[in-house]
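Here's the structure, in structure tokens; my notes come after.
The values are calculated or read from the model by the stated rules, or taken from the named source; none is laboratory data. Keep in mind the model is a prediction, meaning the values are calculated, not measured. Positions of Cβ are backbone-derived with ideal geometry, glycine not excepted, and every protein chain shown enters the neighbour counts. Surface areas here come from the heavy atoms of the whole protein model, side chains and all, with no ligands, DNA or RNA. Shrake-Rupley method; radii C 1.70, N 1.55, O 1.52, S 1.80 Å.
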Amino acid sequence: MVHKEFLGGDKPTPSDFIEILSEVLDTPGINRSDVEEFVRSKLNVNPTQAHIDLCQVRWRAIFTTNYDDIVETAYRIAPKRAQERCDAIFDSHFARIESDYMEVVRLFKLMGSVKGTGRKTKMALSRSDYHRKLQQRDGLFRQLKDFAKDGTIIYIGYSFGDLIVKDILSEIEEEIPIDEMPWGWALLPSWDEKTEQMLRERRIIPIQMTFEEFVSLSVSMIDEGPSSETSGVIVTVANVSVEIPKSDLNMYRRQFEIHHDELGSKSIPDKNQAIQEFLEGQSDPWLGIFNGWAFKRVKNEEIYASFHQQVGKVLERECPIVLTLGPAGSGKSIAARMLAREIYINDGLPCILLSPETEKIDYRVIDSFARFISESVESVKEMERRLPLVIIIDEAAARIQDVRRLPQYLVSRGIPAVLLAFARENEWKLAKGDYPLKVDSTITIPDELESEKEAEELIDHLRMLGILESAQDNEYWINIIKTEFENSFWDTLYHLVHPARPPLTLSVRNEYDRLVPVAQVAYQYICAFYQFGVPLDLELLARSLHRSYEEFIQSVYDPASLNVIIEMPEQISIRYRARTRMIAEQIGKYVYQSSDELLSELEEIVSNVIPNNVNEVETIRSLLIRRLGPNGTHRITPDDRLIPVFEAAFKAGMMDSATLHHCALLLLSKGDYNGAESYLNQAIEVLNNPNELTHFKTEWRQMIDNSLASVAVRRGLDLQNAGNEGAATKQFSRAVGLFKQARKGEFPNAYPYYGEAWMMLRRSENVAGSERFSLLAEALQIIDESEGNIGDDGRSSLAELESRIVETISGIPSVDTVLSGMVASGDENGGYLLARYNIQVYGQDDKSSTIYLNKAYSIVMEALSITPGHIPCLRLTARLHKKLYPDDWEGWLDLLQRREHFEGTNSPNSLLFDLALAKTQLADYKGAWPHLEQLERESIGHPRRSGVVATIKDSGKDRRIIGEVKTGLTRSEGWLQCDAVGQDIKFLPLRQKFTASGGQTVTFVLAMNYRGYFAIELRPM
């Protein structure tokens, strides 16, 4: 057609489209614009019904050599779409980590578009255009390589005689070894023997089927059941129904599971089979909980009562943690979900369960959900207080950092919440380590049934479900439970559900032996991960087996594999697990003769990860960091044996910041300081690289800085022990700088303070005399500096270290005399240490504390008369002054301002707040405001940004100030015009004991936190 239009003649000599266009464009006198316009006119066609129906199928990506925009148009006009839209992509600037991945189909246009006018987007019409596209397509083919390794490619509408198609196949073959390719499919009307041979050599199976037939068949296979959830869900809280739209739901589900009205509700073809599968751990646990098939253990009531005790607290000031511990098989995971449902139904509170597979939970998404629910409810119903959010963390030992940090974050954002954590007792103890964690209530669920009553209730429950069909009375079965099952909850459930089943160890081995060979290896790999609570991704598993996709599917879904290999369908991918972690552990003991064999197998699986695949990266990270790594729940010892598994991930291209960081910790523990520092610096490079994959940037920079400081400390101590004091001092100085840098960030925490103070204590062990006292003084000064600058949860670990330091000082012979001599000689550290020693050793006794506090105050005041700019003494003096003279605000402010003068612009958060508080107490509101503004900017993430940190008082009584309610207030936010303070003051209307209205004059108490002023306890005038 093109040849005839521009060159005339009936038939072109070349048969390939690109060759024809090249001949036309190379002919003198022919304008390229005319050729482009002619091609556009012929491609100006509408999508067929098949194109529109194609939009109902979920595609990972579409790669096309077509110029037309039929696919894009189809997605615009299709009434039913599995994905929200179609985006055309002409280069490699795409990574499978965007928030809308799998909600948007990516259309990679290899040959340009009819609408393209730029260098990357215009149509490739000639051979020279085609070669230009080849150069541009390198990045696109790297993407195609990942998609090809990740799953099946379907070739539609291609003539495999075309040069373009042959080039594409050749490029794929160069990128991916044939034996690593999954089998693909080619839809063809017909083919000859030569074409079939060429396709099968490239692992492509030809199928005689038209495009229309393929689309019709694909659409007919789409699951239209209730579980597909084409819309959002309804969450009913406080008797208010809140609809969560699908777009938001998908964002939330990547981070956590939401308890909603229909959770666990689905059609049940065979109820008896469904009950059996639920009790054996083969199905969705919510199905059994929704239908009342789960057994409620006695301890569940205690957990529920403890929750009620905590939810009554002032949750804006703290986020209580209720911890439930128990051994494997005690029913913790089911208890967690039953508790969520009970709270949701009975108390009407929103409940979420953090996703165990997501490596790094985005707290901002939790914030978004909490505010959305709260605002939705408050828009239709008056609430006495904000609805608390209930957050449940199963496998909490593996999420210990979230248990530590999430409460701090929620408090800093003013989100009332209660956190319910569930963990195996041994794993929790290991994960918590030496850093104490404040838990408000701890309940232990034993494996043993607690009484004959609980045993009888379990028997009655199984009879009710139709599982235990026995003429024997309950007394008989209670005796069996006591004598044969030793009152074990797990053993009782295991044997009564299947009375004829052999012991667990033998049963799981029999199941394994019955699997076909490929399924055995697959199950082995799955259990290698799931014994640590980590499911294994389908694509990662299939690639690791090095078998064809067809053989993989046949083996995993073989009848012998059913109910052994459990499929976990999710929004974006499919994962596999064993029925329970306990069964996975038994398989591990059966197939691996040693931990070295297990590590070797893990190394093989990890080496097959695709770096662009977020799910796979999170799976590997979860295993290496939260489970097996140096801070994990199942640490491998000696831990340097884990390094090859980390390095297998790096070789596969998974160079993400968190994995690099934790591998560095392994190297640090074995004394490889250069290797550790190298990986830590690479982790920082990843964070700083704007073009790096977003899901590689999950580590906190302040944590990496803290680890770099630890490397410098360990180096310095080794150098000091070797007698190289000069080099050691350089390392210690470097560590101090890094520790100070690590104190800045979104999560103020105790680690950098603890690390630096510990370094000073360790250094003091290798020296004597005044140098030793100087180092011990610095250690205590660092702990002093942490006050008000970290969350309360970190105070306990610092308090323990403080006790060790004071104990070291106390152990020095004639320490009182030595310190007094230092004071007499004008040593600034002498005055500080003597005062701290008096406070810590003598000032804790209520009867004599005032005497020794006054003595300490006199000592540091005298030290300041000699060295006015000694910040540690100024800090300690201000602390003592406030305690001894609580109403002397001018004296306290003078000390604070002297400290501010010497600290300069780098004043810590605690000093900024104290300055603002002192000036506010003195009614200098205008003078306080600059400190509050700076504090609001610099205290991001601090828990003291929420709740009441201080109230303004006169002679011990709340100062009441007059203000006028401004118009435009809502139930959740109001403002007071206050001439006395000189600025508008925020208040929370729903927290007041009366209904305020615009223009009303009120009195209020002025409260403060790290965000600034706010009003509480409003009263009408």
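Just to be sure I understand the model, the point goes 7 Å from the Cα along the line to the Cβ. What's the resulting residue 938 to residue 192 distance in nm?
Each label point lies 7 Å from its Cα, and together they span 8.0 nm.
How many percent of the accessible area of segment 866-914 is carbon or sulfur, using a 1.4 Å probe?
Numbers: 1140 of 2250 Å².
C and S atoms contribute 51 percent here.
Return an integer: the convex hull volume of the alpha-carbon atoms of the chain, in Å³ per residue.
So the per-residue hull volume is 232 Å³.
Residue-wise, which Karplus ³J(HN,Hα) couplings in Hz belong to segment 975-983, taking 6.51 cos²θ - 1.76 cosθ + 1.60, θ = phi - 60°, and x for glycine or proline?
Running phi through 6.51 cos²θ - 1.76 cosθ + 1.60 with θ = phi - 60° gives 9, 10, 7, 10, 5, 5, 7, x, 7 Hz.
For segment 547-665, what does the relative contact order come out to in percent, with C-alpha contacts under 8 Å and a separation of six or more? Walk me through the intermediate numbers first.
Details: 94 pairs, mean separation 22.2, N = 119.
Reported as a whole number, the value is 19 percent.
For 661, 901, 634, give the ranking by accessible area with the largest first, probe 1.4 Å. Walk me through the numbers on the way to the answer.
Values: 661 10, 901 135, 634 40 Å².
The most accessible residue leads, giving 901, 634, 661.
Under a point-charge model restricted to the Cβ atoms of Lys and Arg (+1) and Asp and Glu (-1), what is the dipole moment magnitude of the chain relative to its Cα centre, in debye to the nearest 20?
Dipole magnitude for the chain comes out near 2500 debye.
Would you mind checking the pairs 381/986; 80/246; 919/953; 432/697; 882/919 and listing those with alpha carbons more than 19 angstrom apart?
Details: 381/986 22 Å; 80/246 14 Å; 919/953 12 Å; 432/697 25 Å; 882/919 14 Å.
Violating the 19 Å Cα-Cα cut-off are 381/986; 432/697.
Which of rounded, prolate or oblate describes segment 867-958 when judged by the alpha-carbon gyration tensor and an a/c cut-off of 1.5? Kindly include the intermediate steps, with their values, before the conclusion.
Working: a/c = 1.60, a/b = 1.05, b/c = 1.53.
Since a/c reaches 1.5 but b/c is at least a/b, the shape of segment 867-958 is classed as oblate.
I need the phi-derived Karplus couplings for segment 532-543: 6.51 cos²θ - 1.76 cosθ + 1.60, θ = phi - 60°, integer Hz, Gly and Pro marked x.
Rounded to whole hertz, the list is 9, x, 10, x, 10, 5, 4, 5, 5, 5, 4, 5.
Amide H to amide H under 5 Å from residue 448: which residues, 5+ apart in sequence or cross-chain, H placed 1.01 Å off N in plane?
Excluding prolines and chain starts, which carry no amide H, the hits are 489.
With a point put 7 Å past each Cα toward its Cβ, work out how far residue 1021 is from residue 450 in nm, to one decimal.
Placing both labels 7 Å along Cα→Cβ, they lie 5.7 nm apart.
May I ask you to evaluate 6.51 cos²θ - 1.76 cosθ + 1.60, the Karplus curve with θ = phi - 60°, for each residue of segment 42-52 and list the ³J(HN,Hα) values in order in whole Hz, giving x for glycine and proline?
For segment 42-52, the Karplus-derived couplings read 7, 9, 7, 10, 8, x, 7, 4, 5, 5, 5 Hz, x marking Gly and Pro.
What does the accessible area of residue 566 come to, in Å² to the nearest 10, when a probe of 1.4 Å is used?
10
Against the longest principal axis of the chain, how steep is helix 332-342, in degrees 0 to 90 to the nearest 10, with axes from Cα atoms?
The helix 332-342 is inclined about 90 degrees to the chain.
Assign one of three labels to segment 705-831, namely rounded, prolate or oblate, based on the Cα gyration tensor with a ≥ b ≥ c the square roots of its eigenvalues; rounded applies when a/c is under 1.5, prolate when it is not and a/b is larger than b/c, and oblate otherwise.
Verdict is oblate for segment 705-831.
Cα centroids of segment 639-685 and segment 608-632: how far apart, whole angstrom?
13
May I ask for the angle, rounded to the nearest 10°, between helix 828-837 and the longest principal axis of the chain, with both axes built from Cα atoms and the value confined to 0 to 90°?
On a 0 to 90 degree scale, this one is about 90.
In square angstrom, rounded to the nearest 10, how much accessible surface does residue 432 have for a 1.4 Å probe?
Using a 1.4 Å probe on the heavy atoms, I get roughly 60 Å².
For residue 635 and residue 4 in one chain, what is 0.36 nm times their gap in residues minus the Cα-Cα distance, to one decimal in nm?
Extra length from residue 635 to residue 4 when fully extended: 219.8 nm.
Taking only protein heavy atoms into account and a 1.4 Å probe, give the accessible area per residue of the chain in Å².
Computed with neighbouring chains in place, this is 43 Å² per residue.
Mind jotting down the distance between the C-alpha centroids of segment 445-523 and segment 937-1006, whole Å?
So the two Cα centres are separated by 60 Å.
At 1.4 Å probe size, with the rest of the protein present, what percent of the exposed accessible area of segment 510-565 is carbon and sulfur atoms?
For segment 510-565, the apolar C and S fraction of the accessible surface comes to 49 percent.
For segment 492-638, what class follows from the C-alpha gyration tensor (a ≥ b ≥ c being the square roots of its eigenvalues): rounded when a/c is under 1.5, otherwise prolate if a/b is larger than b/c, else oblate?
Here segment 492-638 falls in the oblate category.
Taking amide hydrogens as modeled 1.01 Å from N in the peptide plane, which residues meet the under 5 Å criterion relative to residue 568, leaving out close sequence neighbours?
Result for residue 568 returns 575, 576, 577.
Can you send over the carbon and sulfur percentage of the accessible area for segment 227-335, probe radius 1.4 Å, protein chains only? Display every interim value, and only then the final one.
Details: 2180 of 4490 Å².
Looking at segment 227-335 in its full context, I get 48 percent from C and S.
Relative to the present Cα-Cα distance, how much length would full extension add between residue 997 and residue 430 at 0.36 nm per residue of separation?
Numbers: separation 567, 0.36 × 567 = 204.12 nm, distance 5.46 nm.
Gain on stretching residue 997 to residue 430: 198.7 nm.
When only Cα pairs under 8 Å and 6 or more residues apart are kept, what is the percent relative contact order across the chain?
7
Between residue 268 and residue 799, what length in nm is gained on full extension when 0.36 nm per residue of separation is reduced by their alpha carbon distance?
Contour length minus Cα-Cα distance gives 185.5 nm.
Hey, can you grab everything whose amide H is under 5 Å from the amide H of residue 204? Only 5+ residues off in sequence or another chain; H modelled, so Pro and N-termini drop out.
184
How charged is the neighbourhood of residue 2? Take every other residue with its Cβ under 10 Å from the Cβ of residue 2, and add Lys/Arg as +1 and Asp/Glu as -1.
Surrounding charge for residue 2 is 0.
Share of antiparallel DSSP beta bridges in the chain, in percent to the nearest 5?
In the chain, DSSP labels about 50 percent of beta bridges as antiparallel.
Which value in deg cm²/dmol, rounded to the nearest 500, describes the helix-derived mean residue ellipticity at 222 nm for the chain, given -39,500 (n - 2.57) per DSSP H run of n ≥ 4 and division by the residue count?
That comes out to -15000 deg cm²/dmol.
Under the definition of Cα pairs under 8 Å and six or more residues apart, what whole-number percent is the relative contact order of segment 931-996?
18
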